[in-house]
Amino acid sequence: QAPLVESGGGLVQAGDSLRLSCTTSGRAFNLAVGWFRQAPGKSREFVSAITWSGRHTYYSDSVKGRFTISRDNAKRMVWLQMNSLKPEDTAFYYCAEQNPSGESVYLSEEYDTWGQGTQVTVSS
């Protein structure tokens, strides 16, 4: 069983694109995966999530239409494609696996395995 590991963060200009990657744990459960972010002085915020099958995706209103989540279970990978980035997207981004008994993909409390995060900074 491997820990979750994020990569792909960096410093970009407003309007640019960035693709985050998450290597999941490989646990033997059909787990949804979510992306959350946290900026200094703010609470952790839901960004996006995807079910195990990949047939259902979820987005916060602030990123809908700009971000796209996808996964490949054979590779244990989840990606977050971020387009038209804005300065307000600046935050530390985390991927997480939902608890097998989780009921809502929107709540951080329903996830039990987290990565260390990757920093995304968008300049104006």
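A few points about this structure:
- Evaluation of Leu11 against the conditions (1) outside any loop (DSSP other than H, G, I, E, B); (2) out of contact with any Leu (no Cβ under 6 Å at 6 or more places or on another chain); (3) surrounded by 15 or more Cβ atoms within 10 Å (Cβ to Cβ); (4) of a type in the set (A, V, I, L, M) shows that the sole unmet condition is (3).
- Hey, Gly26 at positive phi, out of contact with any Gly (no Cβ under 9 Å at 6 or more places or on another chain) and either touching a residue at least 40 places away in the same chain (Cβ under 8 Å) or not charged (D, E, K, R) (or both) or not: yes
- Residue selected from segment 82-103 under the condition touching a residue at least 12 places away in the same chain (Cβ under 8 Å) and assigned to a loop (DSSP other than H, G, I, E, B), by the criterion surrounded by the fewest Cβ atoms within 10 Å (Cβ to Cβ): Pro100
- Taken over segment 70-124, residues that are polar (S, T, N, Q) and within 21 Å of Arg27 (Cα to Cα) amount to 9.
- The residues of segment 82-106 that are among the aliphatic types (A, V, I, L, M) and touching a helix residue (DSSP H, G or I) at 6+ places or on another chain (Cβ under 9 Å), listed by number, are Met82, Ala96.
- Here Tyr59 does not qualify as open to solvent by less than 40 Å² (accessible area, probe 1.4 Å) and either within 11 Å of the chain's Cα centre (by Cα) or within 21 Å of Pro3 (Cβ to Cβ) (or both).
The values are calculated or read from the model by the stated rules, or taken from the named source; none is laboratory data. Quick caveat: nothing in here was measured; it's all calculated off a predicted structure. Here the Cβ is made from the backbone with ideal geometry for all residues, glycine too, and neighbour counts use every protein chain on show. In case anyone asks, the SASA skips ligands and DNA or RNA and just uses the protein heavy atoms, side chains included. Shrake-Rupley method; radii C 1.70, N 1.55, O 1.52, S 1.80 Å.
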